[in-house]
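Asker: Sharing a structure with you now.
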């Protein structure tokens, strides 16, 4: 509780405090010291939480940066694909391109003549 302070040292400190402050003021001094220690502990806990939050935020920023780099490399984003949860390498079922050839003229025409 008191770190490296033993029982004998604690008794000596309490005796000196009793002589300095007297029996009437000693409880008040003890309460003040207790409040100060609580405030110190509360403040140190808040600082610790802020540091942990900042560490987590930095990790999220790194993950976001990695995702953005991956999107830049692949050239597409999950919002552009039909199913963002489809991670297979199989081709999508797309209609084949129109391979029909235009109809050929059955009548040969000569240059310079109008075809109606």
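The values are calculated or read from the model by the stated rules, or taken from the named source; none is laboratory data. Note that this is a predicted model, so its numbers are computed, not measured.
Asker: Just one of 49, 39 is more than 30 Å from residue 17 (Cα to Cα), in a helix (DSSP H, G or I) and modelled with pLDDT of 90 or more; which is it? So that I can check it myself, show each step before the final result.
Answerer: Numbers: 39 fails: more than 30 Å from residue 17 (Cα to Cα).
Being more than 30 Å from residue 17 (Cα to Cα), in a helix (DSSP H, G or I) and modelled with pLDDT of 90 or more holds for just one of 49, 39, which is 49.
Asker: Now for a different question. Residues to consider are 73, 5; find the one that is modelled with pLDDT under 85 and assigned to a helix (DSSP H, G or I). Quick ask: steps written out before the conclusion?
Answerer: Values: 5 fails: assigned to a helix (DSSP H, G or I).
Going through 73, 5 in turn, the sole match is 73.
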